[in-house]
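Structure first, then comments.
Where a number appears in this text, it was derived from the coordinates with a stated rule and is not lab data. On a predicted model such as this, the values are computed, not experimentally measured, just so you know. Positions of Cβ are backbone-derived with ideal geometry, glycine not excepted, and every protein chain shown enters the neighbour counts.
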Number of protein chains: 2
Amino acid sequence: MSNLFADLPPEGAAEEAFATLLTAPGARIERIVSRGQASPPGFWYDQDEDEWVAVLAGAATLRFEDTPAPLNLTAGDHVWIAAHRRHRVEATADPTIWLAVHLARG
Amino acid sequence: MSNLFADLPPEGAAEEAFATLLTAPGARIERIVSRGQASPPGFWYDQDEDEWVAVLAGAATLRFEDTPAPLNLTAGDHVWIAAHRRHRVEATADPTIWLAVHLARG
């Protein structure tokens, strides 16, 4: 059994670390550790699956293309991202631990 | 947007507090706050759905009927509970914050 708050990538790691915790029919649970990364300029996530995501530790700024004001997330905040709702990560604290539940559309 | 670590029931609350954060086809995400509760003597959960559950804060002792040794969970530990795998909560710290993802079987 691994721990959501353990085994972080080293400080200053160049890439975010993605770990799939569970794969089930129609669902995937993933831990993501950010080390200050942000989405590249002009990049938008556009996902085929719905996603529920929580910040478990750290902080992040999330922006939706359809909403001018960014969303400042701190530990415990969670947000629902419908499939194909374009969004990007403007900033993350080092470290930021995310828990994402990806859900296929029935 | 609510916060996973906020709005806890009062210390010493008699009952655990269950809050559904998300309901989607085949999936339900729930926050549970325990205030030292345990399952009643002889009680076993026997659920129709698979469940992925994590302890986000606090600590708990989980026991499966098919496994003699209890599982001591601290913050960040997560566990997969297959449908109908009988289990009980032997003890919880006050407070213990759980995140449960219930998944219907395809």
| Residues located in the stretch A:30-42, provided they are farther than 30 Å from residue B:102 by Cβ and either surrounded by 11 or more Cβ atoms within 10 Å (Cβ to Cβ) or under 13 Å from the mean Cα position of the chain (by Cα) (or both) | A:35, A:36, A:37, A:38, A:39
| message | Looking at B:60, B:82, B:27, B:91, can you tell me which residue is surrounded by 17 or more Cβ atoms within 10 Å (Cβ to Cβ), at negative phi and within 11 Å of another protein chain (Cβ to nearest Cβ)? | response | B:27
| field | Qualifying positions in the stretch B:1-24 - out of contact with any Gly (no Cβ under 7 Å at 6 or more places or on another chain), within 14 Å of another protein chain (Cβ to nearest Cβ) and touching a residue at least 40 places away in the same chain (Cβ under 8 Å) | value | B:8
| query | Restricting the search to the stretch B:64-79, which residues are more than 12 Å from the chain's Cα centre (by Cα), surrounded by 14 or more Cβ atoms within 10 Å (Cβ to Cβ) and in contact (Cβ under 8 Å) with a residue 12 or more places away in the chain? | reply | B:64, B:70, B:74, B:75, B:76
| When residues of the stretch A:8-18 are filtered for being under 17 Å from the mean Cα position of the chain (by Cα) and in a loop (DSSP other than H, G, I, E, B), how many remain? | 6
| request: Report whether or not residue A:99 is over 19 Å from residue B:28 (Cβ atoms), surrounded by 18 or more Cβ atoms within 10 Å (Cβ to Cβ) and out of contact with any Cys (no Cβ under 6 Å at 6 or more places or on another chain). | output: no
